[in-house]
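Okay, structure first, notes after.
The values are calculated or read from the model by the stated rules, or taken from the named source; none is laboratory data. A quick note: this is a predicted structure, and the numbers were derived from the prediction, not measured. Cβ atoms come from the backbone with ideal geometry, glycine included; neighbour counts cover every protein chain shown. Side chains are part of the model used for accessible areas, which takes the heavy atoms of the whole protein and leaves out ligands, DNA and RNA. Shrake-Rupley method; radii C 1.70, N 1.55, O 1.52, S 1.80 Å.
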Amino acid sequence: MKIEGLLERRLTAILAADVVGYSRLMGTDEAGTLAAMKRHRREFLEPKIANHKGRVVKLAGDSMLVEFSSVVNAVACAAEIQRGMLARNEGLPRSRRIELRIGVHLGDVIVEDGDIFGDGVNVAARLEGLAEPSGIAVSASVRDHVGSRLDLGFVDKGEHALKNIAASVRVYTISFGGGVAVQKPAEPTAVTVEPGYELSVAVLPFTNMSQDPEQEYFSDGITEDIITDLSKISRLHVVARNTVFTYKGKPVKVKQIAQELGVRFILEGSVRKVGERVRITGQLIDAQTGGHLWADRYDRELTDIFTIQDEITHAIVDQLRIKLLPEEKKAIESDPTTSVEAYTYYLRGRQFSRTWTRPYLLLARRMFLKAVELDPKYARAYAGIAECECAIRDWHEKEFSLDSILEMSARALALDSNLAEAHASRGLALNHQGQTEEAGREFRQALALDPSLYEANLYYGRFLFALGRFQEAVGFFQRAAEIRPDDYFSPIHLMGCYFSLGMETERQRWARIGIERAERALERHPENASPAHRGALALAHMGEPERAKEWVTRALAIDPDDVVAQYNAACVYSLLGEGERALDLLETVVPQSSCYHLHWFQQDSDLDAIRDHPRFRALLDAFGDQEAATR
């Protein structure tokens, strides 16, 4: 209660804005999107806000938080921004349009060091999520205060239960000019592509038509492999995997998707796997005419899966009249494995490995081992084994030797020297071995070969974090978070980076993103402790101690022996000022850690509250002496 009394509070109008489809825009043209955002801010958004006496509180790549002393000014500013952005986007292909959603709320906020927090901010952010592209959503308090002062109409959307907000909120959307609403963009009548993109295709995620939803990994794997094959063709522009997967599970509107992605052709299909048979359908659509250039159905034995993928790729090449170079033809026809059974085990292993908990990593490793048993020349599976062993060795150093991990990555590179995954896993092993310079070189090589490889971006970010190079790490963690919209690891690491850099606004922003993603992950996999203990960290950074402790308790109940959960629980207690509880946990965790973690412990700002405690210093000294003795 004493702390509460010291907080500055005020009633203010909060405007929250977010870019529609930011990950898609960045995936299509990262440099162009960033340049366009800077131009819109400098030339239009910031002058409009200043004219309406607003103050920009937070500014990030895809979002903006602004406060106004007048709610009328806030709504007038929002309306002028949306009208102006429609005009600025006019004539541009949808793939290059910067469209905003805006939410406005009048509420109580807490003010600290120029930043604002509290339910007022949270409600504005939730309202923004309810707005249509190029639209505005406001709360009843805003509507009541504005009344008829502006030439705007309000459309009642009823009561809404907003996430993490106790009371329901009545929501209104704004219509312009006395009732002419900003409509959701209609599907375009014509699709335009920019010069140089006449031969461009988006491969939409193939639909899993099997009775078993667990077969999703198989349909996703086929989609990714077709994207990989088509990307080997120099004359064909292929939309990246992370961009097209944002459309997964959504209704397909071919012209609209083509316009948004700036491509002429769309490939869509479905997969049904039953026993030892597979049925794959595919159709290639010219979005400019709406006509089907090609469609086929393959009802074959599962062993024909690679032949089917090759036939689909060649059908697209033939329909688009592309003459393949000899090296392109060879690259497309060289399958990573000839064993469909090995391929199936590999896809399963890749699915399990992305959960990053010891039980799932061990399961993934078994899948990869089975894959190389079936096909001893399967480079990707060797890289997968090395990656799993390294990830487990992080916290269980004695389980896998560095020699074993380096041997697996060496086998992968011997089979395919240009395999980005193998360079990334070798970088992990070299980093554990203390060969920092060589590890960094391997991570950079992996990123040069495949800049969109999630694991390479995440690993290199962690590598830089452990060296205290937080500003450099930020870019790679942000890229990883964009590549996988379900990734909660990178937002939590970004939160830590910004904490170390003293950038409170960004720290809070990524904490909110982290907890939102962790909540979704925990809903999908309640048996997984990982999102629970990482979400607890986000809650501690957000100043929600009771919820943070609840999530820690849940994580340790799910898996009491999870060393990573114990470490993150220690970080939570350190952040909450419960140093003795944090140290009790660390005395269990540290002896099981690898030498790599000595650098992490030294750099992790979550432990700053106990860093000078004699027990902590003694713990690190003993750990350092032990590592020195084993070298």
- Message: Once each part is reduced to its C-alpha centroid, what is the distance from region 31-109 to region 538-584 in angstrom?
- Response: 38
- How would Arg547, Arg509 rank on accessible area, largest to smallest, probe 1.4 Å? Arg547, Arg509
- Message: Please give the Cα centre distance for region 474-490 versus region 205-237, rounded to the nearest Å.
- Response: 22
- Neighbourhood charge, 13 Å Cβ-Cβ cut-off, centred on Leu34 and excluding it, Lys, Arg +1 and Asp, Glu -1: +2
- Gln602 versus Asp296, label points 7 Å from Cα toward the beta carbon: distance in nm? 5.8
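At 0.36 nm per residue, and after removing the present C-alpha to C-alpha distance, how many nm does the segment from Asp621 to Asp212 gain when stretched out fully? If you can, show how the numbers build up before the last one.
Numbers: separation 409, 0.36 × 409 = 147.24 nm, distance 5.23 nm.
Additional length available on full extension: 142.0 nm.
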- Task: Let me know the shape class of the chain, please: from the alpha-carbon gyration tensor, a ≥ b ≥ c as square roots of the eigenvalues, rounded when a/c is under 1.5, otherwise prolate if a/b is greater than b/c, or oblate.
- Result: oblate
- Taking a straight Cα-to-Cα line shorter than 24 Å from Lys232, and setting aside same-chain lysines fewer than 8 residues away, one finds Lys248, Lys323, Lys329, Lys330, Lys377
- What value, in deg cm²/dmol to 500, does the helix sum -39500 (n - 2.57) over DSSP H runs of n ≥ 4 give at 222 nm once divided by the residues of the chain? -17000 deg cm²/dmol
- Could you give the length gained on full extension between Gln319 and Gln288, defined as 0.36 nm per residue of separation minus the Cα-Cα distance, in nm? 9.7 nm
- PRE zone check, label point 7 Å out along Cα-to-Cβ of Arg41, amide N under 16 Å, scope region 483-504, hits 503-504
- Summing +1 for each Lys or Arg and -1 for each Asp or Glu, what net charge is found among the other residues whose Cβ lies under 12 Å from the Cβ of Pro359? -1
- Accessible area of Arg24 in the full protein assembly, 1.4 Å probe (Å², nearest 10): 20
- Query: Using a Förster distance of 45 Å, how high is the FRET efficiency between Glu112 and Val252, based on the Cβ-Cβ distance and rounded to 0.05?
  - Reply: 0.45
- Message: I need the peptides 568-576, 356-364 ranked by packing, meaning the mean over residues of other C-beta atoms within 10 angstrom, with the highest value on top.
- Response: 568-576, 356-364
- For Asp18, the net charge from surrounding residues (Cβ-Cβ under 9 Å; K, R +1; D, E -1) works out to -1
- What order, most packed first, do the peptides 451-461, 281-291 have when packing is the mean number of other Cβ atoms within 10 Å of each residue? 451-461, 281-291
- Taking the alpha-carbon centroid of each part, what is the distance from region 359-388 to region 439-455 in angstrom? 20
- Task: Check the straight Cα-Cα distances from Lys250 and name the lysines below 20 Å, setting aside those fewer than 8 residues away within the same chain.
- Result: Lys184
- Write down the radius of gyration of region 227-329 and its Dmax, each obtained from C-alpha positions, in Å. 14.3, 39
- Task: Could you tell me whether region 330-477 comes out rounded, prolate or oblate from its Cα gyration tensor? Rule is a ≥ b ≥ c as square roots of the eigenvalues, rounded for a/c under 1.5, then prolate if a/b exceeds b/c, otherwise oblate.
- Result: prolate
- Query: Can you give the extra length, in nm with one decimal, that the chain gains between Gln471 and Glu8 once fully stretched, where that is 0.36 nm per residue apart less the Cα-Cα distance?
  - Reply: 163.6 nm
